[in-house]
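The values are calculated or read from the model by the stated rules, or taken from the named source; none is laboratory data. These numbers come from a predicted model, not from an experiment. Cβ placement follows ideal geometry from the backbone for every residue including glycine, while neighbour counts extend to all protein chains displayed.
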Amino acid sequence: MTRMFAAASMVALLAACSPASDAVDGDDAAMTTEVFTTCPETMVVSLDAYSAETLPDTTDFEQWHIENATRDGVQETESGLQYKVIQEGADNAAVAVPGEEIVAHYHGYFPNGEVFDSSYERDDPLVYASNAFISGWNEALAEMKVCEARTLYVPADLAYGNSGAGGRPTGTLVFNMQLIAVNRVSDAE
């Protein structure tokens, strides 16, 4: 009797801990796993999780990007955006649709290490539309899954340019960033 009770308890526990799924209409009634939109606390990275990089201080940013692209783990997109994945996005995690509100932490600095802005330091994540940033961020966010953390190396033409009007930073910018959540509007609303 005790073994049967233990087995029944285990089945109930496994069922309760299973991811939610929705049946698809049709004869096959295929099952799909629910996509989650908020990073579990255990996967939110601190600023300390990013490697303390010593990057060359230069004004020749074109040459800087050529050399940076050869560093271990740095990937480059067709646009020239460079990035290093610090933590992969979670399985079954959402990717923001352009215009959806996202929650992200970031730490922005110049290659010489001078910080110009940091939500990590303020302990106040950014909440904003996923496609309303500089081009480099928009490009990165379009393919990042919730929980993914990256270091972005953004050339001036994908940021604020070399002149940085209105007190904006100029030249190449580096961001440690993590996509924490996608505030998805449900289909029912």
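A few remarks follow.
- Residue satisfying all of: in the stretch 32-66; among the acidic types (Asp, Glu) and within 15 Å of Leu173 (Cα to Cα); surrounded by the most Cβ atoms within 10 Å (Cβ to Cβ) among these: Glu53
- Hey, Thr77 modelled with pLDDT under 85 and either in the same structural domain as Ala159 (by TED's automatic domain parsing) or in contact with a His (Cβ under 9 Å, 6 or more places away or on another chain) (or both) or not: no
- Residue-level analysis places Glu148 among those that are in contact with an Asp or Glu (Cβ under 7 Å, 6 or more places away or on another chain) and acidic (Asp, Glu).
- Single condition Ala140 does not satisfy, out of (1) farther than 24 Å from Glu41 by Cβ; (2) in contact with a Phe, Trp or Tyr (Cβ under 7 Å, 6 or more places away or on another chain): (1)
- Residue list for the stretch 43-79, restricted to those being under 25 Å from Ser119 (Cβ atoms) and small (Gly, Ala, Ser): Ser46, Ala49, Ser51, Ala52, Gly73, Ser79
- Taking the stretch 113-189 as the region of interest, the strands (runs of 3 or more DSSP E) fully inside it that hold 1 or more residues being at pLDDT 95 or above and closer than 16 Å to Ala96 by Cβ are 126-129, 149-154, 173-183.
- All positions within the stretch 117-156 that are under 22 Å from Ala69 (Cα atoms), surrounded by 14 or more Cβ atoms within 10 Å (Cβ to Cβ) and among the acidic types (Asp, Glu): Glu139, Glu148
- Given (1) touching a residue at least 24 places away in the same chain (Cβ under 8 Å); (2) surrounded by fewer than 17 Cβ atoms within 10 Å (Cβ to Cβ), number of the condition Glu114 does not satisfy: (1)
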